[in-house]
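Worksheet for the structure shown next.
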Amino acid sequence: MKTKASVASGAILTLFVIGIFLAPSVLRAQQEVEEKPSVAETTLEQHKVRQITIDIIDNKVFGKVPVKSFHKKIHQNGTNCELCHAVKEPTAPPDTRNCANCHGTPEDAAKRTVKLDPNPHNSPHWGTELPCDACHKEHGKSEFYCKNCHHFDYQVP
């Protein structure tokens, strides 16, 4: 009888010791599963990293001017300056009239953003006359011009 009891006690003690050492691993594995990003999140992150890598290679290795991802096709990855600047080797920002070739007139832009309050394309100070490149920067980070004085929460593409 003593041997059965000692075997049972030994087995329980062994399981207890194993549990002490395995519990943290099991808990960590469970947390990793719970915190694991979705397939969509992972794919979006991979795409973002891939695009940043391509941009760095384009800009540093091939000497191309950085271009917003949504304009890459029409700009031919930064090699078609004439489309916006109207010259092959630009030295100045494009004229707002060139933006209108694809995006419509400033009045058209104001109509598309009429539901925003205040309308960034029809301001009390400028009306529809503020040049597009005051906010929209094709070769750099865009910023909302009105934020120089006001506190609106707009994301500018």
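The values are calculated or read from the model by the stated rules, or taken from the named source; none is laboratory data. None of these values were measured; they are calculated from a predicted model. All Cβ positions, glycine included, derive from the backbone under ideal geometry; neighbour counts span all protein chains shown.
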Being modelled with pLDDT of 70 or more, surrounded by 10 or more Cβ atoms within 10 Å (Cβ to Cβ) and not assigned by TED's automatic domain parsing to the domain that holds Glu138 is the requirement here; does Cys84 meet it?
yes
Of all residues in segment 54-73 being modelled with pLDDT of 70 or more and either outside any loop (DSSP other than H, G, I, E, B) or hydrophobic (A, V, I, L, M, F, W, C) (or both), which is surrounded by the fewest Cβ atoms within 10 Å (Cβ to Cβ)?
Phe70
